[in-house]
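The values are calculated or read from the model by the stated rules, or taken from the named source; none is laboratory data. These figures come from a predicted structure and were not determined experimentally. No Cβ is skipped: glycine too gets one built from the backbone with ideal geometry, and neighbour counts run over all protein chains shown.
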Amino acid sequence: MFKNSEYLTWLHDRSAAENKEFSRRDMLKMGMAGLMAASVPLLSTAKVNAATSKDRWSISLRHGHTGESYSGVYRVGDRYLPEAFERINHLLRDFRTGEIFPMDPHVIDIVSMAQRKVNTGRPTEVLSGYRSPRTNAMLRRASGGVAKNSYHMYGQALDIRMPGSSIRRVREAARSLRAGGVGYYPKSGFVHVDTGDVRSW
(Lines give C-alpha, C1' and ligand atoms only; values in the text may rest on other atoms or scores of the structure.)
Protein backbone atom coordinates (compact mmCIF):
# COMPACT_ATOMS: atom_id res chain seq x y z
CA MET A 1 0.00 0.00 0.00
CA PHE A 2 1.24 3.47 -0.89
CA LYS A 3 1.51 6.21 1.64
CA ASN A 4 -0.46 9.18 0.34
CA SER A 5 2.54 11.22 -0.82
CA GLU A 6 4.27 8.21 -2.41
CA TYR A 7 1.13 7.27 -4.34
CA LEU A 8 0.58 10.74 -5.75
CA THR A 9 4.29 11.14 -6.55
CA TRP A 10 4.25 7.83 -8.46
CA LEU A 11 1.25 8.87 -10.57
CA HIS A 12 2.60 12.38 -11.06
CA ASP A 13 6.00 11.10 -12.23
CA ARG A 14 4.42 8.58 -14.58
CA SER A 15 2.35 11.21 -16.37
CA ALA A 16 4.74 14.17 -16.13
CA ALA A 17 7.56 12.18 -17.73
CA GLU A 18 5.46 11.96 -20.90
CA ASN A 19 4.51 15.63 -20.85
CA LYS A 20 7.37 17.72 -22.24
CA GLU A 21 5.16 20.62 -23.36
CA PHE A 22 4.37 22.12 -19.92
CA SER A 23 5.36 25.72 -19.43
CA ARG A 24 7.04 26.67 -16.13
CA ARG A 25 3.77 28.28 -15.03
CA ASP A 26 1.82 25.11 -15.83
CA MET A 27 4.30 22.99 -13.92
CA LEU A 28 4.01 25.23 -10.86
CA LYS A 29 0.22 25.09 -11.00
CA MET A 30 0.30 21.32 -11.43
CA GLY A 31 2.64 21.05 -8.48
CA MET A 32 0.24 23.06 -6.32
CA ALA A 33 -2.64 20.78 -7.34
CA GLY A 34 -0.51 17.78 -6.42
CA LEU A 35 0.36 19.27 -3.04
CA MET A 36 -3.31 19.92 -2.30
CA ALA A 37 -4.17 16.34 -3.23
CA ALA A 38 -1.22 15.02 -1.22
CA SER A 39 -2.63 16.56 1.95
CA VAL A 40 -5.73 14.35 1.71
CA PRO A 41 -5.45 11.31 4.01
CA LEU A 42 -5.73 7.82 2.53
CA LEU A 43 -7.06 4.66 4.17
CA SER A 44 -6.40 0.97 3.75
CA THR A 45 -9.32 -1.08 2.44
CA ALA A 46 -8.86 -3.38 5.45
CA LYS A 47 -10.55 -0.73 7.61
CA VAL A 48 -13.48 -0.13 5.26
CA ASN A 49 -15.56 -3.03 6.55
CA ALA A 50 -15.47 -1.66 10.09
CA ALA A 51 -16.97 1.66 8.97
CA THR A 52 -20.68 2.43 9.16
CA SER A 53 -22.62 3.05 5.96
CA LYS A 54 -22.95 6.68 7.05
CA ASP A 55 -19.16 7.10 6.81
CA ARG A 56 -18.79 5.43 3.43
CA TRP A 57 -18.68 7.51 0.28
CA SER A 58 -19.48 5.69 -2.95
CA ILE A 59 -19.48 6.67 -6.58
CA SER A 60 -20.55 5.02 -9.81
CA LEU A 61 -18.85 6.24 -13.00
CA ARG A 62 -18.83 5.16 -16.62
CA HIS A 63 -16.54 6.74 -19.22
CA GLY A 64 -18.55 7.80 -22.25
CA HIS A 65 -15.66 7.28 -24.67
CA THR A 66 -14.03 4.09 -23.44
CA GLY A 67 -17.00 2.30 -21.86
CA GLU A 68 -14.89 1.57 -18.76
CA SER A 69 -16.50 1.93 -15.36
CA TYR A 70 -15.90 2.10 -11.62
CA SER A 71 -18.50 1.59 -8.93
CA GLY A 72 -17.77 1.32 -5.23
CA VAL A 73 -16.58 2.93 -2.02
CA TYR A 74 -13.71 5.39 -2.49
CA ARG A 75 -13.75 7.22 0.85
CA VAL A 76 -14.45 6.38 4.49
CA GLY A 77 -14.94 9.39 6.74
CA ASP A 78 -12.18 11.82 5.82
CA ARG A 79 -9.90 9.13 4.38
CA TYR A 80 -9.60 8.04 0.76
CA LEU A 81 -8.87 4.53 -0.47
CA PRO A 82 -5.67 4.32 -2.55
CA GLU A 83 -6.85 1.20 -4.40
CA ALA A 84 -10.05 2.99 -5.40
CA PHE A 85 -8.15 6.05 -6.61
CA GLU A 86 -5.76 3.96 -8.65
CA ARG A 87 -8.78 2.65 -10.57
CA ILE A 88 -10.53 6.04 -10.70
CA ASN A 89 -7.40 7.79 -11.98
CA HIS A 90 -7.02 5.16 -14.70
CA LEU A 91 -10.68 5.52 -15.68
CA LEU A 92 -10.42 9.32 -15.83
CA ARG A 93 -7.12 9.39 -17.74
CA ASP A 94 -6.68 11.36 -20.95
CA PHE A 95 -8.27 8.71 -23.16
CA ARG A 96 -6.74 10.27 -26.28
CA THR A 97 -3.13 9.85 -25.11
CA GLY A 98 -3.45 7.30 -22.31
CA GLU A 99 -1.78 9.64 -19.81
CA ILE A 100 -2.82 9.18 -16.17
CA PHE A 101 -2.83 12.00 -13.63
CA PRO A 102 -3.96 11.99 -9.96
CA MET A 103 -7.47 13.39 -9.78
CA ASP A 104 -8.31 15.83 -7.02
CA PRO A 105 -10.34 13.74 -4.54
CA HIS A 106 -12.62 16.71 -3.94
CA VAL A 107 -13.91 16.70 -7.53
CA ILE A 108 -14.89 13.06 -6.97
CA ASP A 109 -16.68 14.19 -3.78
CA ILE A 110 -18.61 16.81 -5.76
CA VAL A 111 -19.82 14.24 -8.28
CA SER A 112 -20.66 11.75 -5.52
CA MET A 113 -22.79 14.31 -3.68
CA ALA A 114 -24.50 15.43 -6.88
CA GLN A 115 -25.13 11.78 -7.76
CA ARG A 116 -26.86 11.26 -4.42
CA LYS A 117 -29.02 14.35 -4.94
CA VAL A 118 -30.10 13.38 -8.46
CA ASN A 119 -30.40 9.68 -7.53
CA THR A 120 -31.15 8.05 -10.88
CA GLY A 121 -29.65 4.73 -9.76
CA ARG A 122 -27.40 4.72 -12.83
CA PRO A 123 -23.68 5.48 -13.25
CA THR A 124 -22.65 9.05 -13.96
CA GLU A 125 -21.30 9.29 -17.50
CA VAL A 126 -17.96 11.08 -17.74
CA LEU A 127 -17.16 12.76 -21.05
CA SER A 128 -13.89 14.35 -19.98
CA GLY A 129 -11.67 13.89 -16.93
CA TYR A 130 -7.94 14.59 -17.00
CA ARG A 131 -6.61 16.28 -20.14
CA SER A 132 -2.95 16.50 -20.99
CA PRO A 133 -1.71 19.95 -22.07
CA ARG A 134 -1.35 18.57 -25.60
CA THR A 135 -4.97 17.40 -25.68
CA ASN A 136 -6.22 20.63 -24.15
CA ALA A 137 -4.38 22.67 -26.78
CA MET A 138 -5.85 20.51 -29.55
CA LEU A 139 -9.38 20.94 -28.19
CA ARG A 140 -8.81 24.66 -27.75
CA ARG A 141 -7.88 24.98 -31.42
CA ALA A 142 -11.09 23.16 -32.36
CA SER A 143 -13.41 25.07 -30.02
CA GLY A 144 -13.47 28.52 -28.48
CA GLY A 145 -15.08 27.11 -25.32
CA VAL A 146 -11.94 25.40 -23.97
CA ALA A 147 -9.95 27.34 -21.38
CA LYS A 148 -6.20 27.75 -21.93
CA ASN A 149 -5.46 26.74 -18.34
CA SER A 150 -8.36 24.34 -17.95
CA TYR A 151 -8.91 22.69 -14.59
CA HIS A 152 -9.00 19.42 -16.54
CA MET A 153 -5.22 19.73 -16.99
CA TYR A 154 -4.73 19.54 -13.23
CA GLY A 155 -7.14 16.70 -12.43
CA GLN A 156 -9.61 19.14 -10.90
CA ALA A 157 -12.54 18.94 -13.34
CA LEU A 158 -15.02 16.53 -14.88
CA ASP A 159 -17.57 16.93 -17.66
CA ILE A 160 -20.55 14.76 -16.78
CA ARG A 161 -24.12 13.76 -17.52
CA MET A 162 -26.42 11.56 -15.46
CA PRO A 163 -28.50 9.21 -17.62
CA GLY A 164 -32.11 9.28 -16.49
CA SER A 165 -31.90 12.95 -15.48
CA SER A 166 -32.03 16.24 -17.35
CA ILE A 167 -28.85 18.28 -17.70
CA ARG A 168 -30.66 21.14 -15.97
CA ARG A 169 -31.32 18.97 -12.90
CA VAL A 170 -27.66 17.90 -12.78
CA ARG A 171 -26.59 21.54 -12.96
CA GLU A 172 -28.92 22.54 -10.13
CA ALA A 173 -27.72 19.66 -7.94
CA ALA A 174 -24.07 20.65 -8.52
CA ARG A 175 -24.74 24.36 -7.95
CA SER A 176 -26.59 23.67 -4.70
CA LEU A 177 -23.40 22.16 -3.25
CA ARG A 178 -21.49 25.46 -3.61
CA ALA A 179 -18.29 23.44 -3.79
CA GLY A 180 -16.64 24.76 -6.96
CA GLY A 181 -17.30 25.78 -10.54
CA VAL A 182 -20.34 24.56 -12.47
CA GLY A 183 -20.67 25.03 -16.22
CA TYR A 184 -23.91 24.33 -18.11
CA TYR A 185 -23.68 23.11 -21.72
CA PRO A 186 -27.21 22.07 -22.79
CA LYS A 187 -26.40 21.96 -26.52
CA SER A 188 -23.54 19.54 -25.90
CA GLY A 189 -25.50 17.71 -23.21
CA PHE A 190 -23.17 17.91 -20.21
CA VAL A 191 -22.34 19.76 -17.01
CA HIS A 192 -18.79 20.77 -16.07
CA VAL A 193 -17.78 20.60 -12.39
CA ASP A 194 -14.45 21.64 -10.91
CA THR A 195 -12.78 22.40 -7.59
CA GLY A 196 -12.02 26.03 -8.38
CA ASP A 197 -13.80 29.02 -6.88
CA VAL A 198 -17.58 28.82 -6.48
CA ARG A 199 -19.00 30.22 -9.73
CA SER A 200 -21.33 29.20 -12.54
CA TRP A 201 -21.85 29.93 -16.21
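In table form, for the structure just shown:
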| item | result |
| --- | --- |
| Pairs, first more than 20 Å from residue 86 (Cβ to Cβ) in region 152-165, second in a strand (DSSP E or B) and of a type in the set (A, V, I, L, M, F, W, C), C-beta under 6 Å, six or more apart | 159/127; 159/190; 160/126; 160/191; 161/190 |
| From 161, 169, 141, 131, residue being at pLDDT below 95 and of a type in the set (Lys, Arg) | 141 |
| Count of residues meeting criterion [part of a strand (DSSP E or B) and under 17 Å from residue 191 (Cα atoms)] in region 60-101 | 4 |
| Criterion: modelled with pLDDT of 95 or more, buried (at least 16 other Cβ atoms within 10 Å of the Cβ), touching a strand residue (DSSP E or B) at 6+ places or on another chain (Cβ under 9 Å) and assigned to a loop (DSSP other than H, G, I, E, B) - qualifying residue of 174, 179 | 179 |
| Matching residues in region 119-149 - criterion: being over 18 Å from the mean Cα position of the chain (by Cα) and among the β-branched types (Val, Ile, Thr) | 120 |
| Residue in region 146-153 that is under 26 Å from residue 186 (Cα atoms), small (Gly, Ala, Ser), in a loop (DSSP other than H, G, I, E, B) and touching a strand residue (DSSP E or B) at 6+ places or on another chain (Cβ under 9 Å) present | yes |
| Which numbered condition residue 197 fails, given (1) loosely packed, with under 15 Cβ neighbours inside 10 Å; (2) part of a strand (DSSP E or B); (3) of a type in the set (Asp, Glu) | (2) |
| Condition check for residue 97: touching a helix residue (DSSP H, G or I) at 6+ places or on another chain (Cβ under 9 Å), of a type in the set (S, T, N, Q) and closer than 19 Å to residue 75 by Cα | no |
| Per-region count, region 150-187, residues within 24 Å of residue 121 (Cβ to Cβ) and under 13 Å from the mean Cα position of the chain (by Cα) | 3 |
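Listed here are the residues, each with its yes/no results for (1) closer than 18 Å to residue 68 by Cα; (2) assigned to a loop (DSSP other than H, G, I, E, B).
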| site | (1), (2) |
| --- | --- |
| 103 | yes, yes |
| 110 | no, no |
| 121 | yes, yes |
| 125 | yes, no |
| 144 | no, yes |
| 187 | no, yes |
| 191 | no, no |
